[in-house]
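Below: one structure, written as structure tokens.
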Amino acid sequence: METDASLLGVELEQKQLEELYQPFLLQTMGKVQSENPPSKVISPQPGMCVKTSSVSDKKKVFLSICQSQAVPPPPHLSQEALVDLLESEDPTSYRVPMSLGEPHTEVDNSSQGCTVYDVVINDEFFQKCQKDTLFQQFLIAVSLEGLENKYSLELSRDIKVLKNRKFMGSIAEQNIRTKSKPIIQEIDSKQSDSFPSSTKRPEFSLLVEPPSGNAEHLIAEILLPGVISARSLVLDLGEDRLVLVAQPSLFHLDIFFPLLFNQENSVAQFNTNTQTLTVTMPVVFS
């Protein structure tokens, strides 16, 4: 089965790729993340194998796209939303958390040497991509772009998904960064008064996905006019609370939610075009 991903080019800057599996925007209020964030070793499970080649020397390159529960899932995205995303001016607004392994040399079925890269994504998202061709093509495109940015490569978009092979050679363990559990500080009236009078409460909306039946995700969309970069945002999540500060003293939001959510697997994304922060929080049930 040949899969053409040429129309699905997604440009991801190197810094964005390095942060895909980090807690995006999540910081503890009043604290700075350590220079050496906590990490753990994971053993990825087989997924699918993609064959391509290096543009410069035409040598064969394989991607072993693996899966692991340790990698957080991306925000929920329907097929219709993916189509709209790919047709938008900023497809990079949707990020797929992934871990990109170091290149390793293996021997293919022709007993020839080849270069293999292991790409690890969330296991549930991998299963979703297996069931939907468009998502699979999108995943391959993002993986190729990620490897190109991280390792200064140029890979061919003439790719082939190998039907009877889930990985090439061996799958190495990977060391990924883990999320530090955010600590919510109690904010009493005195602390609230410490914010300048110019600080505003931003407009926001709270969505529940799916709209009917048991809630799976809470999605907070926060409008932040005047904020031009995610670097000015400090976001802190508790199991039922969100605290956001837009520096310097532009916005302050402190809200509680009617449902509990998993702050460890929550994902935040800031769209610089619309100046909107979207926080997707998986719902948990006690």
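The values are calculated or read from the model by the stated rules, or taken from the named source; none is laboratory data. Model, not experiment: these values are computed from the prediction. When we count neighbours, we look across all protein chains shown, and the Cβ atoms used for this are built from the backbone with ideal geometry, even at glycine. For the accessible areas, the whole protein counts, side chains as well, though only heavy atoms, and no ligand, DNA or RNA atoms are used. Shrake-Rupley method; radii C 1.70, N 1.55, O 1.52, S 1.80 Å.
Couple of notes before you dig in:
- Summing charges over all other residues whose Cβ lies under 13 Å from the Cβ of Gln45, with Lys and Arg as +1 and Asp and Glu as -1, gives -3.
- Applying the criteria of a DSSP loop state and at most 13 other Cβ atoms within 10 Å to the GluC sites (Glu not before Pro) of segment 37-99 yields Glu89.
- Segment 40-176 - percent of accessible surface contributed by carbon and sulfur, probe 1.4 Å: 43
- Of Lys60/Lys128; Lys59/Lys150; Lys60/Lys150; Lys128/Lys160; Lys51/Lys166, those spanning more than 21 Å from alpha-carbon to alpha-carbon: Lys60/Lys128
- Of the GluC sites (Glu not before Pro) found in segment 120-165, the ones in coil according to DSSP and having at most 11 other Cβ atoms within 10 Å of their Cβ are Glu154.
- Distribution of pairwise C-alpha distances over segment 40-176, 5 Å bins, in %: 2, 10, 21, 24, 21, 15, 6, 2, 0
- Prolate is the label for segment 204-282, because a/c, from the alpha-carbon gyration tensor with a ≥ b ≥ c as root eigenvalues, is 1.5 or above and a/b exceeds b/c.
- Normalised contact order of segment 40-176, rounded percent, pairs of Cα under 8 Å and 6 or more residues apart: 41
- Spin-label pair Glu239-Lys59: with each label point 7 Å from Cα along the Cα-Cβ axis, the two points sit 5.2 nm from one another.
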